[in-house]
2 protein chains.
Amino acid sequence: MVSTATLILLVIAFSIFGLLFAAYLVRWVLQRPTGSEAMQQISNAIKEGAEAFLRRQNRTILLLAAAFAIVLFIGYGFIRGHHDFDPVSSSMQLAGWITLSFVFGAACSVIAGYVGMWVSIRSNIRTAHAALSSLNDALRIALRGGAVSGLLVVAMSLLGVSGLYALVSATGTVEPTKIPLLIVGYGFGASFVALFAQLGGGIYTKAADVGADLVGKVEAGIPEDDPRNPAVIADLVGDNVGDCAGRGADLFESTAAENIGAMILGASLAAAAEKAGMAFSAGIVGVMMFPLVARAFGIVASIVGIMAVRLDKEEKMDPMQALNRGYYVAVVLAMIAFGGASYWLLNSPAAPNAWWHFFLCGILGVLTSVAFVYITQYYTEYRYAPVRLIADASTTGPATNIIAGVAVGLECTWMPTVVMGAALLSSYYLGATSGLPHAGLFGTAVATMGMLATAAYILAMDTFGPITDNAGGIVEMSQQPEEVRRKTDRLDSVGNTTKALTKGYAIGSAGLAAFLLFQAYMDEVVQYAGLDLGLPFKVDISKPVVFVGGMLGAMLVFLFSALAIRAVGRAAQSIIEEVRRQYAKLPRVHDMIQFPADFKPDYGTCVDIVTKSALRRMIAPGLLAVLMPVSVGLLFRVFITKADPLIAAEAVAALLMVGTIVGIITALFLNNSGGAWDNAKKYIETGALGGKYLTGPGGVKTKNPTHGAAVVGDTVGDPFKDTAGPSIHVLIKLLSTITLVLAPLFL
Amino acid sequence: MVSTATLILLVIAFSIFGLLFAAYLVRWVLQRPTGSEAMQQISNAIKEGAEAFLRRQNRTILLLAAAFAIVLFIGYGFIRGHHDFDPVSSSMQLAGWITLSFVFGAACSVIAGYVGMWVSIRSNIRTAHAALSSLNDALRIALRGGAVSGLLVVAMSLLGVSGLYALVSATGTVEPTKIPLLIVGYGFGASFVALFAQLGGGIYTKAADVGADLVGKVEAGIPEDDPRNPAVIADLVGDNVGDCAGRGADLFESTAAENIGAMILGASLAAAAEKAGMAFSAGIVGVMMFPLVARAFGIVASIVGIMAVRLDKEEKMDPMQALNRGYYVAVVLAMIAFGGASYWLLNSPAAPNAWWHFFLCGILGVLTSVAFVYITQYYTEYRYAPVRLIADASTTGPATNIIAGVAVGLECTWMPTVVMGAALLSSYYLGATSGLPHAGLFGTAVATMGMLATAAYILAMDTFGPITDNAGGIVEMSQQPEEVRRKTDRLDSVGNTTKALTKGYAIGSAGLAAFLLFQAYMDEVVQYAGLDLGLPFKVDISKPVVFVGGMLGAMLVFLFSALAIRAVGRAAQSIIEEVRRQYAKLPRVHDMIQFPADFKPDYGTCVDIVTKSALRRMIAPGLLAVLMPVSVGLLFRVFITKADPLIAAEAVAALLMVGTIVGIITALFLNNSGGAWDNAKKYIETGALGGKYLTGPGGVKTKNPTHGAAVVGDTVGDPFKDTAGPSIHVLIKLLSTITLVLAPLFL
């Protein structure tokens, strides 16, 4: 038997180590030189814009969170009243813990997002400067800058959960296995912030991108990141606020929610095993703590992986290869630690095979994430058939390009679905055959943990993307020599790949984590109400009420996506109008703008317009996601009968599950069609199908309409892959966590 | 107590009356004059192309159906073996009945589709000729030509079901309430044909349309339906084979499947009521026959409605108004008949309120269909905000047009979902409070019947669309005076509206019918296996196996749509290449083709290319839809355990239900975004946002890029709204019927 205190201290110690290491990386990055004044000017403009946006966004989000916290407190403290089966002795206590953990989760998520972005907008210029001399240095600065986000997110989520656990535990009034029920609010708070951060950032980044491209590249005919484009700074700001801040918050809540969900399931499993006389040697609390311990070991594995990334001496190595090597180091170490943790905490003398069954589940999770990465590559890289098909279809114009892209997006859902289904069923099977009773679900939970074991490394690779993107922009705008640009372009293209891959990873883990979370929800409903009524809790979607709940869940995903995509379209239109206004008075020859040498665009107005627009338009989809499951749960209480007291909770479960399924495939559709369109355009830009320009008789260069058609597809894909898609990842988990927190209200 | 024979004879008599009336309409239409030789030439070319395609398509479909029939017979007759709970005494008998009804259903569906199209390609020229003198005559010819399809479909499906029932009943060896279990194959045969017909026709029509538009309108700058476009005949043929033949087969199977599903549920209800001592006065068979009787009365109501359509003397009336008046006549009569049938057959002395509760359910069904029509109008007509938004977004180019259209399509799913949910829950509630035990589900079934009560009229309005479209094409191509064109244009625009509305109606009825069908499936599983094992059959999607079944169902819809959309894109590309080849040698001035006066395009090659392409490409999505539920059902038998013997059937049920939910919202997305794009373009063509051409300084006309952007959206929407969307309607019902037929194999 391991003592609870030992385990908690261990987890807290590892988390703090992770944070300290992140601080070390920050210092290391900040010590790198910052480059010429021209570069600093640009970098400062980006910094200013990003910080101003994030400050305003955080203010809005915290206000919304505060309002929701009050509602939560009133709902639990005054309206619902106390029930005998509650884990604490008064409604005030219940309300207090749930609200406290919600607020704490929200605050941690805001901090993690903010600090991550703080570092990334300081890493970009240092990466750009390093690229002047050494690709290896540039690579390492970008990755380590990104790693700060990654470590922060994982360590803070772990610290938050274990800290809250320790706090509740210290009161000595709550049964240990019931503690997770009180701290589910932490994951919900994190989701709440993540949703708005991802929406706001996603709308910002793509509105600026689409706006800048449509007037800059298409109408004015100037290249990407050209300083004469008034929207260019807004576009570079967008990379930071959308890609780093958004995804940071997203993965923060993935790990937080998954930690708590796995703890709830672990506690149930251990209790069932003890009842059956097959107790674990580490005790119930040991099993419950397993997810936290495994995650804590994973931090160290990720750190080693990150530090292992370097190019060979001559810098001839593909940077992607260097990143992959680091990833494999992290994966192997994480799996060894995972095996150790399984052996230590999941050992039951009565079921000697159980620990390695669970260990295999963890490995299955890792393999699933690798499969997702390969599938994403197949559908979004121009080495493979799908992107080639889209490029070919561009020869007959934008309409056929769009049709081909939509077809690829819809098609690409099949393999991930099959892989996810196979992973769920085989980890369930491994759990079920572990020798312990009712261990199938815990098997799927362990697979999820395996998938998330290297989250810190993945997140570092993800934030690597916007940092290199920004570095490229700074190099381009400060007009550095061609040779430097080639270096940053190499890094940038690797960054595009890592961004696409991590999206595949994120949706895969969202799918598995959601399954785990709604098992936790059902467990919670049973704990709150089912057991004492002697009713098994099933989610029978053949009941009309439950079926309608499922329909509403599917619809929610579509409506949410509609609002997110429309927000980008609208915000982009206001940018376009602003740029056109700034260009209106410039002289033109043959419709081509002739820029005067002293032309100075007003970057500030564009930044301001898109900031306001994004903040205003993130509210509707965000509130929809929060309020719809709540309303269904409360409204459907009218269907509660004596024979069917759980019907409202059941309808919400169907909303959650069908919403999750539809969310996963819709996100896959949006992410991958967007990625494929992007790369079809890039493929043509490499010179395929005529390249960017056609040379007519007499050497006259004209725009290649095939490329023009591909640009349309790329633009359509922008809000798909960077606004709606990633927001759905968060939506899925928000649905799970919100229902977890509010389940008692639906009974 | 009404005797079974009386009821069956009544239904058969009404069906035959419907067929005779259809024959009368055929004679009436054929007696109208056929117009000038120029018109006949064009009409003959369409006729030839359409008949050649349909012949080849039917050959392919019948081959596939024959192969499947053999598999079905072997599966039931030899592989599955006999079970005690089977409704007949030997496996050969079971295999025989199921296969016979499958073959019969397939054959009837082929005949209904063929005859419907036979009439419609003869109505088009007569409508065109009538338009030379009288709009009223033209309207009536088009509607009555369309009504042949409508009546044929409804009467034949009714005759098929009642005839098969009579046949099985005549053997005297099967319990009456078990007969529906034997004839479920009829609906499946119909679905099987409908799926391939809709896919093949849908691919044909849109490939020809997209191909003709992209080279004709966009590249060569010639108007729609211009005789110099080599793809124009293929396009006109497409209207017939896609819109009439496809939708005819679709609604044939809707009514057939719904009839049988409602009979199964009616039999269950009546048996339960009798057990509870609350027997219906009409007996179990009376309740079971209620769906057929109500439908039989509906035929007469539709006939009266169709004959009531005429314009006022001066022909100033809006033709849409005339059609609406006919619809309201049909609805009111159908509801009176529905009330009468409810009072006659659904009367239980022990539950005196039951009959009018069910009657209200029927009215609820009608109201739901009206709500769907209005919602569709709101999202797809340019009088309302959504289409205006898309048109506005076109001013910033094709990319923003597509983004806006996708957002509208995703958004438009919410209202129909809420309406459908409300209809399901309130009809369930009305049934549950009828005073009879377990009558909730039958309430939802009756609502579906109400919705489908006027199917014949709706289908007449639907086929009206391609007939007027063709008439317009004939008038345009034979270069009739402007005044005549205006008349056919008025009819054509009404036809576009009715096509959009009937699509809304079709998806609404598909949703309700599917719910009914999977209740029938569950009932069947219980009858086959559940009862004697004493297990309640639930579809608990919180079980991993069942959840994965649901995931696969959702994915199926996306993959299926991908294949359908891609097929159109590919086939269109081959048309474009062919037209470009024919245009390659023509002289050009400033990139504009200068057509020689004696230019004669080769229509035949285009018709041939698209025919081959459509037939080849319909196979993959069709087989996917048929094979996937079967494979899941058979594969997932590995998860069958003693404790959970129904798990495979349960996973299939989840596939079916989640697939249905996702199918409904995906079809809504595809249909309405396509319709909205189409009308955004038409709105700009009315002169809004600059109209089709801009007049520059000096009166030079240039193409309006806003219109060009809207054309891109319209083209993208084509395969959405006319290929993938309508095919999903059929997919939904195919899933239900295939699982109904194969359920016993999953146990």
| task | Among the residues of segment B:670-692, count how many are within 10 Å of chain A (Cβ to nearest Cβ) and surrounded by fewer than 24 Cβ atoms within 10 Å (Cβ to Cβ). | result | 0
| said: For segment A:371-385, which positions are over 22 Å from A:Ala688 (Cα atoms), surrounded by fewer than 24 Cβ atoms within 10 Å (Cβ to Cβ), more than 14 Å from chain B (Cβ to nearest Cβ) and in contact (Cβ under 8 Å) with a residue 12 or more places away in the chain? | reply: A:Ala371, A:Val373
| query | Within segment A:25-50, can you find the residues that are surrounded by 14 or more Cβ atoms within 10 Å (Cβ to Cβ), at pLDDT 90 or above and assigned to a helix (DSSP H, G or I)? | reply | A:Leu25, A:Val26, A:Trp28, A:Val29
| request: Scan segment A:72-96 and report the pairs whose first residue is farther than 15 Å from A:Val168 by Cβ and whose second residue is exposed (fewer than 13 other Cβ atoms within 10 Å of the Cβ) and not polar (S, T, N, Q), with Cβ atoms within less than 7 Å and a gap of 6+ or a chain change. | output: A:Phe85/A:Asp532; A:Ser91/A:Gly81
| task | Given the conditions (1) surrounded by 24 or more Cβ atoms within 10 Å (Cβ to Cβ); (2) modelled with pLDDT of 95 or more; (3) among the aromatic types (Phe, Trp, Tyr), report the number of the one that A:Trp414 does not fulfil. | result | (1)
| request: Among the residues of segment A:439-451, write down those that are touching a Ser or Thr at 6+ places or on another chain (Cβ under 9 Å) and either assigned to a helix (DSSP H, G or I) or within 12 Å of chain B (Cβ to nearest Cβ) (or both). | output: A:Gly440, A:Leu441, A:Phe442, A:Gly443, A:Thr444, A:Ala445, A:Val446, A:Ala447, A:Thr448, A:Gly450, A:Met451
| request: Please identify the pairs in which a residue from segment A:543-556 that is farther than 14 Å from A:Ala648 by Cβ has its Cβ atom under 6 Å from the Cβ atom of a residue that is polar (S, T, N, Q), counting only partners at least 6 apart or on another chain. | output: A:Met551/B:Thr417; A:Met555/B:Thr413; A:Met555/B:Thr417
| said: Name the residue that is surrounded by the most Cβ atoms within 10 Å (Cβ to Cβ), counting only residues in segment B:620-646 that are at pLDDT 90 or above and within 12 Å of another protein chain (Cβ to nearest Cβ). | reply: B:Pro621
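Of B:Gly211, B:Gly187, which residue is in contact (Cβ under 8 Å) with a residue 60 or more places away in the chain, surrounded by 24 or more Cβ atoms within 10 Å (Cβ to Cβ) and closer than 18 Å to B:Pro291 by Cβ? Break it down into steps so the answer makes sense when it comes.
Working: B:Gly211 fails: closer than 18 Å to B:Pro291 by Cβ.
The unique qualifying residue is B:Gly187.
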| query | Taking interchain pairs and intrachain pairs at least six residues apart, which have beta carbon atoms under 7 angstrom, with the first residue in segment A:474-487 and in a helix (DSSP H, G or I) and the second surrounded by fewer than 21 Cβ atoms within 10 Å (Cβ to Cβ) and among the basic types (Lys, Arg)? | reply | A:Val475/A:Arg485; A:Glu476/A:Arg485
| query | Listed residues A:Leu100, A:Leu132; which is within 31 Å of the chain's Cα centre (by Cα) and in contact (Cβ under 8 Å) with a residue 12 or more places away in the chain? | reply | A:Leu100
| message | Looking for something in contact with a Phe, Trp or Tyr (Cβ under 9 Å, 6 or more places away or on another chain) and more than 12 Å from every other protein chain (Cβ to nearest Cβ) - is there at least one such residue anywhere in segment B:400-422? | response | no
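So that you can scan it fast, the table gives a plain yes or no per residue for (1) of a type in the set (Gly, Ala, Ser); (2) in contact with a Ser or Thr (Cβ under 7 Å, 6 or more places away or on another chain); (3) away from chain B (no Cβ under 14 Å):
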{"position": "A:Lys499", "(1), (2), (3)": "no, no, yes"}
{"position": "A:Tyr505", "(1), (2), (3)": "no, yes, yes"}
{"position": "A:Met522", "(1), (2), (3)": "no, yes, no"}
{"position": "A:Phe537", "(1), (2), (3)": "no, no, no"}
{"position": "A:Pro544", "(1), (2), (3)": "no, yes, no"}
{"position": "A:Val548", "(1), (2), (3)": "no, no, no"}
| field | Residue among B:Gly238, B:Gly246 that alone is more than 14 Å from chain A (Cβ to nearest Cβ), closer than 28 Å to B:Tyr521 by Cα and either assigned to a helix (DSSP H, G or I) or at pLDDT 80 or above (or both) | value | B:Gly246
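Considering every residue within segment B:285-296, establish whether at least one is in contact (Cβ under 8 Å) with a residue 24 or more places away in the chain, under 30 Å from B:Asp137 (Cα atoms) and touching a helix residue (DSSP H, G or I) at 6+ places or on another chain (Cβ under 9 Å).
Residues of segment B:285-296 in contact (Cβ under 8 Å) with a residue 24 or more places away in the chain: B:285-296.
Right, trim to under 30 Å from B:Asp137 (Cα atoms) and you get B:295-296.
So of that shortlist, the ones also touching a helix residue (DSSP H, G or I) at 6+ places or on another chain (Cβ under 9 Å) come out as B:295-296.
Looking for residues that are in contact (Cβ under 8 Å) with a residue 24 or more places away in the chain, under 30 Å from B:Asp137 (Cα atoms) and touching a helix residue (DSSP H, G or I) at 6+ places or on another chain (Cβ under 9 Å), one finds at least one in segment B:285-296, hence yes.
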| Which of (1) within 25 Å of B:Leu459 (Cβ to Cβ); (2) over 21 Å from the mean Cα position of the chain (by Cα) is the odd one out, the single condition B:Lys701 does not satisfy? | (1)
| task | Please find, among A:Thr706, A:Thr715, A:Thr723, the residue that is in contact with a Ser or Thr (Cβ under 7 Å, 6 or more places away or on another chain), part of a helix (DSSP H, G or I) and at pLDDT 90 or above. | result | A:Thr706
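Based on what the data block shows, is A:Thr396 at pLDDT below 90 and within 14 Å of another protein chain (Cβ to nearest Cβ)?
Numbers: at pLDDT below 90: yes; within 14 Å of another protein chain (Cβ to nearest Cβ): yes.
When the stated conditions are applied, A:Thr396 passes them.
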| note | Counting only residues that are closer than 30 Å to B:Val711 by Cα and either part of a helix (DSSP H, G or I) or in contact with a His (Cβ under 7 Å, 6 or more places away or on another chain) (or both), segment B:357-389 contains a total of 15
| query | Does at least one position in segment B:298-308 carry a residue that is free of Cβ contacts under 8 Å to residues at least 24 places away in the same chain, buried (at least 16 other Cβ atoms within 10 Å of the Cβ) and outside any loop (DSSP other than H, G, I, E, B)? | reply | yes
| field | Boolean, B:Arg388 is away from chain A (no Cβ under 13 Å), free of Cβ contacts under 8 Å to residues at least 60 places away in the same chain and charged (D, E, K, R) | value | no
| What about A:Gly362, is it surrounded by fewer than 24 Cβ atoms within 10 Å (Cβ to Cβ), more than 13 Å from chain B (Cβ to nearest Cβ) and farther than 30 Å from A:Ser120 by Cβ? | no
| task | Kindly list the number of the only condition in (1) without any contact (Cβ under 8 Å) to a residue 12 or more places away in the chain; (2) aliphatic (A, V, I, L, M); (3) buried (at least 24 other Cβ atoms within 10 Å of the Cβ) that fails for A:Leu167. | result | (3)
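Would you mind stating whether B:Thr695 is in contact with a Lys or Arg (Cβ under 8 Å, 6 or more places away or on another chain), more than 10 Å from chain A (Cβ to nearest Cβ) and free of Cβ contacts under 8 Å to residues at least 24 places away in the same chain? Even if it seems obvious, please write down each step before you answer.
Numbers: in contact with a Lys or Arg (Cβ under 8 Å, 6 or more places away or on another chain): yes; more than 10 Å from chain A (Cβ to nearest Cβ): yes; free of Cβ contacts under 8 Å to residues at least 24 places away in the same chain: yes.
Against the criterion (in contact with a Lys or Arg (Cβ under 8 Å, 6 or more places away or on another chain), more than 10 Å from chain A (Cβ to nearest Cβ) and free of Cβ contacts under 8 Å to residues at least 24 places away in the same chain), B:Thr695 qualifies.
The values are calculated or read from the model by the stated rules, or taken from the named source; none is laboratory data. Computed from a prediction, not measured in an experiment: that's the story for all the values here. Every residue, glycine as well, gets a Cβ built from its backbone with ideal geometry; the counts of neighbours run over all protein chains shown.
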